[in-house]
Amino acid sequence: MKAALALVLVAPLLAIPSPAAAHGGETVSGYITTHPGPGRFPLAGAPVLVDDTDYPGVVRVAGDLRGDLKKVTGAATSARKDPIILGTIGRSPTLDRIIARGKLDVDSIRGKWETTIEQVVDNPLPGVKRAFVIAGSDQRGTIYGAYDVSRTIGVSPWYFWDDVPVEHHDNLYVLPGRHTQGTPAVKYRGFFINDENPATGTWAPEHFGPGKAPGFPGGLNADYYAKVFETMLRLKANYLWPAVWGRAFAEDDPLNHATATRYGVVMGTSHEAPMMRGIEEWNRHAVNGTDPYGGNGVWSYRQNQAAIEAYWEDGAERMRDQDIEGVITLGMRGNGDVSLPDGDGIDLMSSIIDKQRQILRDTGLIDRPQVQTLYKEVQRYWDKGYRPPDDVTVVFCDDNWGNMRKLPDPSLPPRSGGYGMYYHFDYVGDGRNYKWADTANLTNTWEQLHRAYASGVDRLWVANVGDLKNEELPTQFFLDYAWNPSEWPVTKLGEWTRRYAAQSFGERLAPAIADILDTYGHLQSRRKPELLNRRITVDPTKDITTDSSAVVYDDQQTPFSLTDYAEMDRVTSSWLDLAARASRLRAKIPPAWQDAYYQLVYYQVKDTAIIYDLRRAEFTNIAYAAQGRAATNALADRAEALFAEDQAMSDYYNNTLAGGKWHNWQLQPKIGYGNVERYGPNAPWQQPELNNVALPDEIFPYLKRIEVPAGSSMGVALDGGSSSVLPELSPWQSQSRQYIEVYNKGTTPFRYRIRSGAPWLSVTHASGTVTDQIRSYVTVDWKRAPAGTRSVPITITGAGSTVTVQAPVTRPALKPKGFLEANGYVAMEADHYGSSTGKWQLLPGIGKTGNGLTPLSASASLSYPMTLTSAGPVQVTAYLSPRNNVRPTEGLQYAVSIDGATPQVVNATTATGANDTTMNRQWARNTSDNINRTTTTHQIAAPGQHTLTFWTVDPTVIVQRLVVDTGGVKYSYLGPPESRRA
């Protein structure tokens, strides 16, 4: 055995898979505590022993466990102390002797996949009084057991990537009893490092040095991947797709595959890279019309079959000769993440896979796990009836925006190869790249992972995590859920976030940090930061199912309304409030944890708030310029100042954070999208290539500056955007008041006065001096206002001019019940129903404005009482999560009725043209907006009390809110605010 040099740790019990509890000053975390007691095993100073004959990954991880214990306790190893024995059943002679002596029962884990027992054993061996034994069923079972101890004593899995320190404990003790993390529910669990430029691609060569193979300066060498592999194993992942942008894992460093083997990691390749060879290997060698296999260099099976087959044979032989543990990707896509140039005939794909399988037989690899990933156009083969051999795992994919496109048909017989899933937390493509920051909504992610697992998708899960760093939270949740879905029902998501926060910041700060992260995920999922200058609308005069021009992209319009429902102010204020909370909490973070807090919490929250504030200033500036307001240039100044603040945060990240460790990491553009003039035809979706300097003209659309004339000139602007009529005032409305803005179009201040035409309607700031502008609010004294509807004139005078506007006022005489109509609409959050039938599941925070509901029974309904002040035709818009039809049906359907009328059935996918899996413009709108809106028309016979009912048809529908438009709904991104309820 190797007696450890047993270094010991310095960390708090904060990174714990199980809740920590305090008992009279004692900290208990899972199966480890800080206080001695009967049967408890002391870890401080204990040597870590491992047999040389065990797996290389087990021998290696013993060193990490020694180091972690040293970090936490600071205790030097003592040979006189009882040992920690680390071993794998059947590979560790020492462990096998303990088992043979009847000291440790491993029958419950023997032969299982990646399973561990941790147990304090008395008299395990002659001369050993007691030992803490970590026994694994296989190599990774043992590795996970070692790392679970590290995590339990307070070593964050993200200690390297986010500079998380550890809290010191003089003593640590293992509680008596048998402890296990169980067997993973999903066999292969991992991620794809992708879209890795500019962050990883710039930082890694600086930090780890260039690639080791001459001529291949990829920079992602064995030292880099060693850190990735370690993090994977600390997170209980086992499977990796390596980076692909101009990089070849096997060639950038000849030690890359050997390092994966030494760590015990399973390698794979992405959906475009068959037979264990990254596509970059072909690009490097098959150039200028020639290739080393005697072909013409074209990545086409029809045009270059013999050369491509020889290329695949080399990949299989390398896997065999280097004894690489891997999952082999089958099939073929076009070079560059596109469809095949040869067409998508089933016969062609069948012949490709048949040939690949023959190569695997010839090289003795046919029994290795194999997958076909149905990414983008590849799903057509499945939809048209092609089925790969039964032992091949079929990997279904999301639509790149977190919505699964297909799940197993329950009517099909089971496959011996089972099913897998490929999911995205990062993406490059239409409707726009999202690479900068974590934008995952945890409930949304949970719902899709839960649905996939419940549908039998349990053989392989892989997530595109971009650079890995910046996607820590969704990556860890993805892997935690894959390990044990039953541990994390939707009702415990808040607890998961608290534990995630605790593992890096301790139990005391965890609740506040978790609350910030949960709010962040909800706000961020409303819309990607990269999309904040793109409005996507539908032309109501065109048929969106047949006319692609019906969906209009406008990169020079804010998606959030500047004029209606105070929307832009409300959403920006939400972000600024969250950033203020993060800033206040930052002051309470201990100095040693400040760098970690900046990376895991503060930067993403604060800088996203800056971007929202910048966009508000920018688009308000553009609107003001069109009106000739004197305040125009001040808003341009503010936008530029906010841009500079954003650049300063990136500069701090790149040059100061963690002593400069992350130099040139934070380079990802997120502001200049859409500038076709500067960046060319792909600018609407592709990231702008910035020079990484603070250039205000990167703010697109461009800011406006005007010449403000001398003198004074009055302008008036109204809430709602009309030049002459305010939005309706009603005691039933959500917004309690409307505003009038009086602004100056000159440089000289002027006196103004506002007069109401009714004694019961008043205005704030009714008189005074306007330098740039003032905002006056209009309110009604409803005890004095007459019943019925009337229009009250309001007169504004100033700078030698007079403007009269109208304030429509409605005081309904109807008896209120349920949701109340005002401003021409009724808006209802889905979970605020009056009654229901069947079973529904609440999905907290999945909606852009609240919660969501999804049916759990075949026949279910939600009813919403409401009082309408108008009659005639009304439109009901259902706001649904933008799901695809994952079942073998014609579409995703629901139904709506009012007052017991025949329900109108709506196909939410085909009605909008969004179910075309080639990712059409309507799909891009739904995913960019993170909503699917469909509308039905109903007749209301008379004003009064009515009931709207939402009926389930398909079980995968998630309803977020319902809006009844009686003629007054204005454009807004989130929809009008929820109506008042009686």
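Spin-label model, residue 584/residue 59: points 7 Å from Cα along the beta carbon direction are separated by 5.5 nm. Going down the list 236/588; 103/227; 212/661, which pairs span over 25 Å between their C-alpha atoms? Where the Cα-Cα span goes over 25 Å, the pairs concerned are 236/588; 103/227. Among beta bridges from DSSP that stay inside region 714-811, the antiparallel ones total about 95%.
Backbone geometry of region 317-325 corresponds, through the Karplus equation with coefficients 6.51, -1.76 and 1.60 at θ = phi - 60°, to 3J(HN,Hα) couplings of 5, 4, 4, 5, 5, 8, 6, 7, 7 Hz, x marking Gly and Pro. Taking other residues whose beta carbon is less than 9 angstrom from the beta carbon of residue 824, and scoring Lys, Arg as +1 and Asp, Glu as -1, yields -2. Considering only Cα atoms, the convex hull volume of region 743-787 works out to 69 Å³ per residue.
Please grab the % of Cα pairs in region 332-374 that end up more than 17 Å from each other. Of all Cα-Cα pairs in region 332-374, 40 percent lie more than 17 Å apart.
Here the scattering of region 529-698 is modelled by Debye summation over its C-alpha atoms, one equal scatterer each and no solvent; at q = 0.08, 0.09, 0.10 Å⁻¹ the log10 of I(q)/I(0) is -0.31, -0.38, -0.47. Would you tally the net charge around residue 690, using a Cβ to Cβ cut-off of less than 14 Å, leaving residue 690 out, and scoring K and R as +1, D and E as -1? Overall, the nearby charge balance is -3.
In degrees from 0 to 90, rounded to the nearest 10, what is the angle of the helix 567-586 Cα long axis to the longest principal axis of the chain? Approximately 40 degrees, to the nearest 10. For the chain, the average shadow cast by the Cα convex hull is 43.4 nm², which is a quarter of the hull's surface.
For a straight C-alpha distance cut-off of 27 angstrom, the lysines reachable from residue 783 (same-chain residues fewer than eight places away being disregarded) are 815, 817.
Annotation note: chymotrypsin sites (Phe, Trp or Tyr not before Pro) in region 76-169 located in DSSP loop regions with a Cβ neighbour count of at most 14 within 10 Å are 113.
The translational diffusion coefficient of region 98-212, from Stokes-Einstein at 37 °C and 0.692 mPa s with a Kirkwood hydrodynamic radius over alpha carbon pairs, comes to 189 µm²/s.
Note on region 733-876: Kirkwood radius taken over Cα pairs, Stokes-Einstein applied at 10 °C and 1.306 mPa s, translational D equal to 84 µm² s⁻¹.
Cross-link partners among lysines for residue 704, C-alpha distance below 28 Å, same-chain residues fewer than 8 apart left out? By straight Cα distance, residue 704 reaches 528, 606, 670, 745, 970. Just need log10 I(q)/I(0) for region 277-415 at q = 0.09, 0.15 Å⁻¹, Debye formula, equal scatterers on the alpha-carbon atoms, no solvent, rounded to two decimals. Cα-only, vacuum Debye calculation for region 277-415: -0.29, -0.81. Going Cα to Cα from residue 376, which lysines come in below 19 Å? Please leave out same-chain ones fewer than 8 positions away. List returned: 384, 406.
Specify the longest stretch of the chain that does not include any exposed loop site, a site being one of the GluC sites (Glu not before Pro) with a non-H, G, I, E, B DSSP assignment and at most 14 other Cβ atoms within 10 Å. Kindly include the intermediate steps, with their values, before the conclusion.
Details: sites that count: 689, 707, 890.
So the longest stretch without any such site is 1-688.
Would you mind checking the tilt of helix 199-208 against the longest principal axis of the Cα atoms of the chain, expressed as 0 to 90 degrees and rounded to 10? Tilt relative to the chain: about 40 degrees.
Seen from all directions on average, region 136-289 presents a Cα convex hull projection of 11.5 nm². Among DSSP beta bridges lying fully in region 188-488, give the percent that are antiparallel, nearest 5. Given both bridge residues lie in region 188-488, the antiparallel proportion sits at roughly 10 percent.
Once every DSSP H run of n ≥ 4 in the chain is given -39500 (n - 2.57) and the sum is divided by its residues, what mean residue ellipticity at 222 nm do you get, rounded to the nearest 500 deg cm²/dmol?
-8500 deg cm²/dmol
Using 1/(1 + (r/R0)^6) with R0 = 25 angstrom and r between the beta carbons of residue 766 and residue 710, what's the FRET efficiency to the nearest 0.05?
FRET efficiency, residue 766 to residue 710: 0.35.
Three semi-axes describe the equivalent ellipsoid of region 819-965; taken as square roots of 5 times the Cα gyration tensor eigenvalues and ordered largest first, they are 25, 17, 15 Å. Antiparallel beta bridges, as assigned by DSSP with both residues in region 819-965, represent about 95 percent of the total such bridges. Rounded to the nearest 10 degrees, the angle from helix 632-655 to the longest Cα principal axis of the chain is 10 degrees. Fully extending the segment from residue 592 to residue 804 would add 70.2 nm, taking 0.36 nm per residue of separation and subtracting the current Cα-Cα distance.
Every pair of different Cα atoms in region 790-843 enters the Kirkwood calculation, which places the hydrodynamic radius at 15.8 Å. Near residue 211: Cβ cut-off under 9 Å, other residues only, Lys/Arg at +1 and Asp/Glu at -1. The net charge is -1. Cα-based radius of gyration for region 178-268, normalised by 2.2 N^0.38 Å, reads 1.15.
Values of log10 I(q)/I(0) for region 761-832 across q = 0.12, 0.14, 0.19 Å⁻¹ run -0.51, -0.65, -0.94, by the Debye formula with one identical scatterer at each alpha carbon and no solvent. Among the trypsin sites (Lys or Arg not before Pro) within region 309-402, those in coil by DSSP and having at most 15 neighbouring Cβ atoms inside 10 Å are 384. Take the Kirkwood radius over Cα pairs of region 714-811, plug it into Stokes-Einstein at 37 °C and 0.692 mPa s, and you get 241 µm²/s for translational diffusion. Taking 0.36 nm per residue of sequence separation and removing the Cα-Cα distance, the residue 901/residue 627 pair yields an extension gain of 93.8 nm.
Read-outs throughout are calculated quantities, based only on the coordinates presented, and are distinct from any laboratory measurement. Being a predicted model, the structure only gives us computed values, none of them experimental. For neighbour counting, all protein chains shown are included, and Cβ atoms are generated from backbone atoms with ideal geometry for every residue, glycine included.
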